[in-house]
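Peer 1: Please find one structure pasted underneath; my questions will follow.
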Amino acid sequence: MKKETNNLIQKNEANKKENDKFDKKKENFIKFLTSLYQNVSTAMQSIEELQPKVENENFKKELSNQLTNYDLIARECEMIAKSEDIDIKDNNLFEKIRLWSSINLGIIKDKSIRHIAEMMLFGTVMGLIQCLKDAVDYKNICSELDDLCQKLIELEEKNYQVLKNFI
């Protein structure tokens, strides 16, 4: 009887460890997906805020292209979240207000294409850095998210190269 009890205790402990491992992986999956989603949401909010202030048609068209590409990635994140029954979190209100203030204060004194491109470059680099950190921190959590992160990295690098031409 004592041996059976010990076996049951060992099995329960093994099951608990497996469940904890699964929970941690699920938690990291959610963190990774949320980080990707918030990254593209920030980019989209920035572009939506800046685009009406841009007068140069070429630059406006480039911002529109970038917005479309970020939106595609955001939709992929939303589809993954829906398929996994996850309530994906957007940036909180404080972050949105901080971004809005930063953008609007940044262009009060200088609405030139050069300055707006510079602001976009800063944001692009910040987004790229976050992607690179996520790629390391959440490596092999989910190949689908790894691929999506790589897609976002490539988009950020492409946007950086294009935005440099507006400086």
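The values are calculated or read from the model by the stated rules, or taken from the named source; none is laboratory data. Treat the numbers as computed from the prediction; the structure is a model and nothing was measured. All Cβ positions, even for glycine, are placed from backbone atoms using ideal geometry, and neighbour counts span all protein chains on display.
Peer 1: Give me a count of the residues in segment 68-88 that are within 14 Å of the chain's Cα centre (by Cα), aliphatic (A, V, I, L, M) and surrounded by fewer than 16 Cβ atoms within 10 Å (Cβ to Cβ).
Peer 2: Matching residues across segment 68-88 total 1.
Peer 1: How many of the residues in segment 68-92 are of a type outside the set (Ser, Thr, Tyr) and in contact (Cβ under 8 Å) with a residue 24 or more places away in the chain?
Peer 2: 15
Peer 1: Which of the residues belonging to segment 44-92 are of a type in the set (A, V, I, L, M, F, W, C) and farther than 18 Å from Met119 by Cβ?
Peer 2: Here is the first cut: in segment 44-92, the ones of a type in the set (A, V, I, L, M, F, W, C) are 44, 47, 50, 54, 59, 63, 67, 72-74, 77, 79-81, 86, 88.
Leu72, Ile73, Ala74, Cys77, Met79, Ile80, Ala81, Ile86, Ile88, listed by residue number.
Peer 1: Here is a further query. Can you give me the number of residues within segment 109-137 that are surrounded by 12 or more Cβ atoms within 10 Å (Cβ to Cβ), more than 19 Å from Ile47 (Cα to Cα) and more than 13 Å from the chain's Cα centre (by Cα)?
Peer 2: Within segment 109-137, residues that are surrounded by 12 or more Cβ atoms within 10 Å (Cβ to Cβ), more than 19 Å from Ile47 (Cα to Cα) and more than 13 Å from the chain's Cα centre (by Cα) number 1.
Peer 1: For segment 131-149, state whether one or more residues are under 24 Å from Leu63 (Cβ atoms), among the aliphatic types (A, V, I, L, M), assigned to a helix (DSSP H, G or I) and at pLDDT below 95.
Peer 2: no
Peer 1: A further question follows. Can you name the condition, by its number, that Leu36 falls short on among (1) modelled with pLDDT of 95 or more; (2) surrounded by fewer than 16 Cβ atoms within 10 Å (Cβ to Cβ)?
Peer 2: Of everything listed in (1) modelled with pLDDT of 95 or more; (2) surrounded by fewer than 16 Cβ atoms within 10 Å (Cβ to Cβ), Leu36 misses just condition (2).
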